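Visitor: Before we start, here is the structure in question, set down as structure tokens.
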Amino acid sequence: MASDHASENGVDGDDEREEEDDEEEVEEEAVEEEEEPRLKYQRMGGSLSSLLSTDAAASIAIAERMIALGTHDGTVHILDFQGNQVKEFSAHSATVNDLCFDAEGEYVSSCSDDGSVVINSLFTDERMKFEYHRPMKSIALDPDYSRKSTRRFVAGGLAGQLFLNSKTWLGYNKQVLHDGEGPIHAVKWRTCLIAWANDAGVKVYDMVNNVRVTFIERPRGSPRPELLLPHLVWQDDTLLVIGWGTSVKVAAIRTNSLGANGIQKSIPASSAKYVDIVASFQTSYYISGIAPFGDALVVLAYIPEKVNGEKDFSSTMPSRQGTAQRPEVRIVTWKNEELTTDALPVHGFEHYKAKDYALAHAPFTGSSYAGGQWAAGDEPLYYIVSPKDVVIARPRDAEDHIAWLLQHGFHEKALAAVEAGQGRNELLDEVGSRYLDHLIVERKYAEAACLCPKLLRGSASAWERWVFHFAHLRQLPVLVPYMPTENPRLSDTAYEVALVALATNPAFHNVLLSTVQSWPPTIYSSLPVISAIEPQISTSSMTGLLKEALAELYVINSQYEKALALYADLMKPEIFDFIEKNNLHDAIHEKVVQLMMLDSKKAVPLLIHHRDNIPPSEVVEQLLSAHKNCNAKYFLHLYLHSLFEVDVNAGKEYHDLQVELYADYEPRMLLTFLRLSQHYKLDKAYDVCVRNGLLREQVFILGRMGNAKRALAVMIDKLEDIEEAVEFVSMQQDDELWQELIKQCLRKPEMVGMLLEHTVGNLDPLYIVTMVPDGLKVPRLRDRLVKIITDYRTETSLRKGCNEILKTDCVNLLIKYYKEAQRAVCMDSTEEEKHSKAVESSSTLESQRGSNVGSIELKSRIRGSGRCCLCFDPFSIQNVSVVVFFCCHAYHATCLAGGSDSFNKGSYVANSDDKDDDEDAPAGGSQIRCVLCTTAAGFLFNKVWDDFDQANLLFIFVSRLILPRNLRRHNCLTNKPAFI
């Protein structure tokens, strides 16, 4: 991932290889792309070269397990597929013209110019020889020769007769199948069909029905058969391929089993089969051999000489010795479309004629052929025979295809073929290595680097080898983004070399940064990389990306303060989190301005929170000395404002400066600051407010300076805010100032009405009205006076209603208070002692003590320090019963009896839950009351009706002086009126 400055194929100008100073200009020529051959070739080795050193090959036949080769001296050599001789038959005394195996490959037959036919068993000593006394040119064994006892074969020659030989009880029977149309040049037997060629053409004979199926006429203009033999080959049981001269025909043998309208009839045997020519075309060369190739044909082509620029088909002999061309193997379709053409480097081809060559193919099913490929072991083999050479041709396999692609520079296609599963897995390393070498030679470094993960995969040694190779070429930066960090993991040195290469090339500093951020820090040491970058800090090559990468390396190496300095220079927003994460608050002393410029909202709280480490004086000094372009004064305002909110006195020495800052950046906050601060100079602050036209702030400062009249004048003349002026005068509590306010307002008639509205409760409106000069027109004076009178009446009515409500509440409370004073509990010494013992003996009564805490505490107080409210003697002195009222007053029973008309020791008033004690008291029983409370309550009750205000004061006095404290907490006073 290179930058815009980097070359598309690598780093510009960094190749160490020598370049030529002067490059020759080469004209572009349109060269047709070379077509990949379909076949590959090799010469047959083994014993063949020694056999043909003194003889010449004349014919060949191929079986499933061996090869038969006939020579001009009449010998038949049995060879394996490597060319090693297995057997030798001295069958003839003249040239062996034709050879044939049976389908099982157990017998081989040969015919010769000596007029004989010889059949040899390959695995026994059986040998049969048949004499015809005329040169025999072709022979064909019954495919089932070894399986049938008839031992049939057909043979023909210059006599023009086609003989069918078969074995009977009386010996071999020789039958003439055809006669009278010239020599028999070729014969082929497939299943029950025999095809042969003579001077007239090609005939097919049906051995089942013993009839001739068809006759195919010899092509017109073809050379005489003795000069260029016709070639017959059965592609399958029903397809016969004929190559004769320059003509190719494909005949299909069909069975006519249906009559008209598709109805099957009883058809004579003579009409059971017929021939359909399914393909026919002319060639521009002589056909020296033909064989099937899947759905195409393999043709051994002999190229005739050109006479006056045109090919001469009149003769198959070279016009002069040694001018013949190389034979060619062509693969053509049935439509004569050439798929490939290969010229064969046959030994001595310059001296050979067309009939000196032969083509044979090994039997194959062809069923596995699909898309030009055969299954392993089923591909056909082709044998091209010349007098001194045998060349084996076979379909090219996937590895041959890949090798051809590599040889012709199609490395990408070769790689795709290997990845598609063609060929051995080991080829991927070889193809990948050659592809990378090719790209390096072509200086396509970026493309080579991109392919490395795919080609090198998990080999650490291969990766390191290419890393250092790229480093040698000074092209390592383009490889770095593709280097693996695990599976495989390379050596530390490899990663360090890669990072240093990126650091020293400015065009790849972005790659360096992304690499440092993505690579695990454990796979390399950061020190070598840091050492390579640090010398560039003060140079022009120190880019922002390189700084950031160096900061990341500092972090990896735990040099956080150095990293912080770089982050501050780079203005990285993440610097605040970095400071908090690594506790670098002591390292930001010199970074105040940079932090504020980066993000003042985060910088200010940081500086405020750590003001013990970074004192305000240091912050203010840095901001004041900062460059004007950074808006340092605004940052200073933000800092001092936040500091003032946290601690009013923290930056008191800068409050004068802060007044100016508020006036410049946040005037609405200045008044609040002036009210809260006590550390600014009033005169300077006033000058700032005047300079910035801040009127309310001027009023406040003038008031603080004691110049109230001038402040009042500002409010009246400039602010024209009567409400604020009235509030200001009220706070001053100065009658003269009220006079000044009225005086100021009388100069502006509209102010008089406003003054009347806002001074209600502070000044008597009548007084203001009397001060108004005669004839002064006050806007809306009548409406304002009406409003004042209406407000006064409303206020009077509200006060009266409130007094009535208050009086009623006081009466109700006094009644309740009076009732509470009538309830009491009589306690004698016996009951008290029992109660004390019960408290001491059982802890389970502790909860009950909480519920009766008032009474228990009362008893302890009574016995310990309580006194009778009448005689004022302590209760502990006299052994008499005590009567305790719910108002917390207690009396000796004897004292209370003396103060009451009658008192029964056994009687007591019901508890406080009784709603009406007067109604619930027993008949004839005396009712007792607290002397103090009932006396005070009665007095207050009477006073309420006489003088309500005096009753209020007396009630407060009595409740606070006479009544005990816990009574005032009692619920009888919880609903006390607001005036208590």
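The values are calculated or read from the model by the stated rules, or taken from the named source; none is laboratory data. Bear in mind the structure is a predicted one, so any value in this text is a computation, not a measurement. Cβ sites come from the backbone with ideal geometry, for glycine too, and all protein chains shown count toward neighbours. For accessibility, only protein heavy atoms count, side chains too; no ligands or nucleic acids. Shrake-Rupley method; radii C 1.70, N 1.55, O 1.52, S 1.80 Å.
Visitor: I'd like the full set of residues that are assigned to a strand (DSSP E or B) and either over 11 Å from A155 (Cβ atoms) or open to solvent by 40 Å² or more (accessible area, probe 1.4 Å) (or both), limited to the range 130-142.
Guide: E131, K137
Visitor: Next question, about the same structure. Do the conditions hold for P304, that is, is it open to solvent by less than 20 Å² (accessible area, probe 1.4 Å), modelled with pLDDT under 85 and either over 60 Å from the mean Cα position of the chain (by Cα) or small (G, A, S) (or both)?
Guide: Considered against the rule, which asks whether it is open to solvent by less than 20 Å² (accessible area, probe 1.4 Å), modelled with pLDDT under 85 and either over 60 Å from the mean Cα position of the chain (by Cα) or small (G, A, S) (or both), P304 comes out as yes.
Visitor: Could you check the range 705-728 and list, in sequence order, the residues that are free of Cβ contacts under 8 Å to residues at least 24 places away in the same chain, of a type outside the set (D, E) and on the phi < 0 side of the Ramachandran plot?
Guide: M705, N707, R710, A711, V714, M715, K718, A725
Visitor: What pairs come out if I take residues in the range 544-559 that are more than 17 Å from T504 (Cβ to Cβ) and of a type in the set (A, V, I, L, M) and pair them with residues that are part of a helix (DSSP H, G or I) and open to solvent by 40 Å² or more (accessible area, probe 1.4 Å) whose C-beta lies under 6 Å away, six or more apart or interchain?
Guide: I556/P521
Visitor: Filter the range 556-574 for residues that are more than 26 Å from the chain's Cα centre (by Cα) and not small (G, A, S) and give the result. Even if it seems obvious, please write down each step before you answer.
Guide: Just the residues of the range 556-574 that are more than 26 Å from the chain's Cα centre (by Cα), to begin with: 557-571.
The answer is N557, Q559, Y560, E561, K562, L564, L566, Y567, D569, L570, M571.
Visitor: Go through M66, M44 for me and flag whichever is modelled with pLDDT of 90 or more, in contact with a strand residue (DSSP E or B) (Cβ under 6 Å, 6 or more places away or on another chain) and more than 22 Å from A103 (Cα to Cα).
Guide: Details: M66 fails: more than 22 Å from A103 (Cα to Cα).
From the options M66, M44, the qualifying one is M44.
Visitor: Still on this model: Looking at the range 489-505, can you tell me whether even one residue there is in contact (Cβ under 8 Å) with a residue 60 or more places away in the chain and farther than 21 Å from S526 by Cβ?
Guide: No, the conditions are met nowhere in the range 489-505.
Visitor: Considering only the range 479-524, state which residues are more than 23 Å from the chain's Cα centre (by Cα), of a type in the set (V, I, T) and open to solvent by 10 Å² or more (accessible area, probe 1.4 Å).
Guide: Selection gives T493, V497, V500, T504, T522.
Visitor: Of the residues in the range 151-170, how many are open to solvent by 10 Å² or more (accessible area, probe 1.4 Å) and assigned to a loop (DSSP other than H, G, I, E, B)?
Guide: 7
Visitor: Sort out which residues of the range 604-615 are more than 13 Å from E590 (Cα to Cα) and either crowded, with 17+ Cβ neighbours inside 10 Å or under 45 Å from the mean Cα position of the chain (by Cα) (or both), and write them in order of number. It would help to see each step written out before you state the result.
Guide: Residues of the range 604-615 that are more than 13 Å from E590 (Cα to Cα), as a first pass: 604-606, 608-612.
Within the range 604-615, V604, P605, L606, I608, H609, H610, R611 qualify.
Visitor: Going by the structure shown, is L359 in contact with a Gly (Cβ under 9 Å, 6 or more places away or on another chain), modelled with pLDDT of 75 or more, surrounded by fewer than 18 Cβ atoms within 10 Å (Cβ to Cβ) and in a strand (DSSP E or B)?
Guide: No; evaluated as a whole, the condition is false for this residue.
Visitor: Just the residues that are modelled with pLDDT of 70 or more, assigned to a helix (DSSP H, G or I) and open to solvent by 20 Å² or more (accessible area, probe 1.4 Å), please, taken from the range 724-738.
Guide: E724, E727, F728, S730, M731, Q732, E736, W738
Visitor: Against the condition in a helix (DSSP H, G or I), touching a helix residue (DSSP H, G or I) at 6+ places or on another chain (Cβ under 7 Å), over 27 Å from L671 (Cβ atoms) and modelled with pLDDT under 75, how does L741 come out, does it pass?
Guide: The answer is no for L741.
Visitor: Restricting to the range 328-351, count the residues that are open to solvent by 20 Å² or more (accessible area, probe 1.4 Å), outside any helix (DSSP H, G or I) and either farther than 15 Å from Y285 by Cα or among the aliphatic types (A, V, I, L, M) (or both).
Guide: 8
Visitor: When only residues in the range 249-263 that are closer than 24 Å to V154 by Cβ and open to solvent by 30 Å² or more (accessible area, probe 1.4 Å) count, which is modelled with the highest pLDDT?
Guide: K249
Visitor: Run down N629, N649, N692 and say which single residue is over 19 Å from P616 (Cβ atoms), open to solvent by 20 Å² or more (accessible area, probe 1.4 Å) and modelled with pLDDT under 90.
Guide: The unique qualifying residue is N629.
Visitor: While we're here: Looking at the structure I just gave you, is L456 at pLDDT below 90, open to solvent by 10 Å² or more (accessible area, probe 1.4 Å) and of a type in the set (A, V, I, L, M)?
Guide: On the way: at pLDDT below 90: yes; open to solvent by 10 Å² or more (accessible area, probe 1.4 Å): yes; of a type in the set (A, V, I, L, M): yes.
Taking the combined requirement at face value, the residue satisfies it.
The rows are residues; the columns are (1) under 60 Å from the mean Cα position of the chain (by Cα); (2) open to solvent by 80 Å² or more (accessible area, probe 1.4 Å); (3) of a type in the set (G, A, S).
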residue	(1), (2), (3)
V688	yes, no, no
N707	no, no, no
A711	no, no, yes
I722	no, no, no
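Visitor: From (1) modelled with pLDDT of 85 or more; (2) touching a Pro at 6+ places or on another chain (Cβ under 8 Å); (3) exposed (fewer than 15 other Cβ atoms within 10 Å of the Cβ), pick out the condition that doesn't hold for A197.
Guide: (3)
Visitor: Identify, by number, the condition in (1) surrounded by fewer than 20 Cβ atoms within 10 Å (Cβ to Cβ); (2) among the hydrophobic types (A, V, I, L, M, F, W, C); (3) in contact with a Ser or Thr (Cβ under 9 Å, 6 or more places away or on another chain) that L79 doesn't meet.
Guide: So the condition that L79 fails would be (1).
Visitor: Quick test for you: out of I184, I139, pick the one residue that is closer than 22 Å to G245 by Cα and modelled with pLDDT of 95 or more.
Guide: Testing whether each residue is closer than 22 Å to G245 by Cα and modelled with pLDDT of 95 or more leaves just I139.
Visitor: Here is a further query. Take the range 218-248 and flag every residue that is farther than 21 Å from G157 by Cα, surrounded by 18 or more Cβ atoms within 10 Å (Cβ to Cβ) and not aliphatic (A, V, I, L, M).
Guide: Q235, T246, S247
Visitor: Being surrounded by 20 or more Cβ atoms within 10 Å (Cβ to Cβ) and over 19 Å from E561 (Cβ atoms) narrows it down to one residue among Y665, Y639; which is it?
Guide: The conditions single out Y639.
Visitor: I would also like to ask the following. Of everything in the range 398-421, what is in contact with a helix residue (DSSP H, G or I) (Cβ under 8 Å, 6 or more places away or on another chain) and open to solvent by 70 Å² or more (accessible area, probe 1.4 Å)? Give them in sequence order.
Guide: E412, K413, E419
Visitor: Using the structure shown, decide if K148 is in contact with a strand residue (DSSP E or B) (Cβ under 8 Å, 6 or more places away or on another chain), open to solvent by 50 Å² or more (accessible area, probe 1.4 Å) and over 17 Å from V76 (Cα atoms).
Guide: no
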